[in-house]
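Please read the structure below before turning to the comments.
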Amino acid sequence: MERAEPSVIRLATPADIGGIFAIYDEEVLHGTATAQTVPFTAEEREAWFARHTPDLHPLVAAVEADGFVAGWAGLSPWSPRQAYRRSAENSVYVARSRHGRGLGRALMRELLARTLRDTPVRLVIARPTERNVASIRLHESLGFQTVGVLRHVMEKFGELQDVRILSLDLDARTP
Ligand SMILES: CC(C)(COP(=O)(O)OP(=O)(O)OC[C@H]1O[C@@H](n2cnc3c(N)ncnc32)[C@H](O)[C@@H]1OP(=O)(O)O)[C@@H](O)C(=O)NCCC(=O)NCCS
């Protein structure tokens, strides 16, 4: 198996956008990790990046010495309505060639630490498909608990998908 270079996990910069979307678009076009089916345009990518302000919805990246983005994790709004500001949805994506090396968990730990330290967000929500065992296990290992399952809420590649909703209450979390 190819050996991954050690990566540094830090806030993402505009230079990481290409690498972030190289990973994401793999799932957009060929996977069911995201319900999105059409890749963002260059303009949409930049707008998406700009919405990730570190004081509300941080975006972190695992970057290797040569600049290769091995993975990323970020928060996005749960709802635009003001009273939901304390809640956010998380995304976490690791390059397929770097799966199973602890990067997903390290990215999530960094994201959750920054969320608690730098933002007003206290409820973090994840929505993996029911078949995404890796994501469900990863979130459970971080203390996320299942709230429920939405049956047949998503259809991709002609297949109906159930989506599990998990949440983590950062105020109730033991360090
Ligand atoms: C989910 C994902 C981010 C996990 O990243 P990763 O770096 O491979 O995961 P890690 O090596 O950090 O593993 C952390 C934990 O996740 C779980 N896990 C990871 N891969 C798993 C697999 N294939 N099967 C079962 N559990 C798995 C395990 O609990 C693991 O802990 P352990 O090694 O102590 O058992 C990665 O599989 C991925 O990018 N998938 C595609 C995108 C995606 O599904 N994102 C989530 C959308 S909701």
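The values are calculated or read from the model by the stated rules, or taken from the named source; none is laboratory data. Please read these numbers as outputs of a predicted model, since none were measured by experiment. Glycine also receives a Cβ, built like all others from the backbone with ideal geometry; neighbour counts cover every protein chain displayed. The area values use the complete protein model at the heavy-atom level, side chains included, leaving out ligands, DNA and RNA. Shrake-Rupley method; radii C 1.70, N 1.55, O 1.52, S 1.80 Å.
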Condition met for residue 72 (part of a strand (DSSP E or B) and open to solvent by less than 70 Å² (accessible area, probe 1.4 Å)): yes
Every residue from segment 83-122 that is of a type in the set (Phe, Trp, Tyr) and over 16 Å from the mean Cα position of the chain (by Cα): 84
Per-region count, segment 126-164, residues touching a Leu at 6+ places or on another chain (Cβ under 7 Å), closer than 22 Å to residue 104 by Cα and either in contact (Cβ under 8 Å) with a residue 40 or more places away in the chain or assigned to a strand (DSSP E or B) (or both): 5
Answer residue from segment 75-91, given it is in a strand (DSSP E or B) and hydroxyl-bearing (Ser, Thr, Tyr) and is surrounded by the fewest Cβ atoms within 10 Å (Cβ to Cβ) among those: 76
Scan of segment 94-122 for residues that are more than 7 Å from the ligand (Cβ to nearest atom), crowded, with 17+ Cβ neighbours inside 10 Å and among the aliphatic types (A, V, I, L, M), ordered by number: 95, 107, 108, 111, 112, 121
Only listed residue being of a type in the set (A, V, I, L, M, F, W, C) and either over 21 Å from residue 103 (Cα atoms) or part of a strand (DSSP E or B) (or both), chosen from 22, 33, 47: 47
Total residues in segment 71-93, condition more than 14 Å from the ligand (Cβ to nearest atom) and among the acidic types (Asp, Glu): 0
Subset of segment 123-139 [open to solvent by 50 Å² or more (accessible area, probe 1.4 Å) and either within 14 Å of the chain's Cα centre (by Cα) or within 16 Å of residue 102 (Cβ to Cβ) (or both)]: 127, 134, 137
Pairs, first in contact (Cβ under 8 Å) with a residue 24 or more places away in the chain in segment 93-105, second among the polar types (S, T, N, Q) and more than 7 Å from the ligand (Cβ to nearest atom), C-beta under 8 Å, six or more apart: 103/7
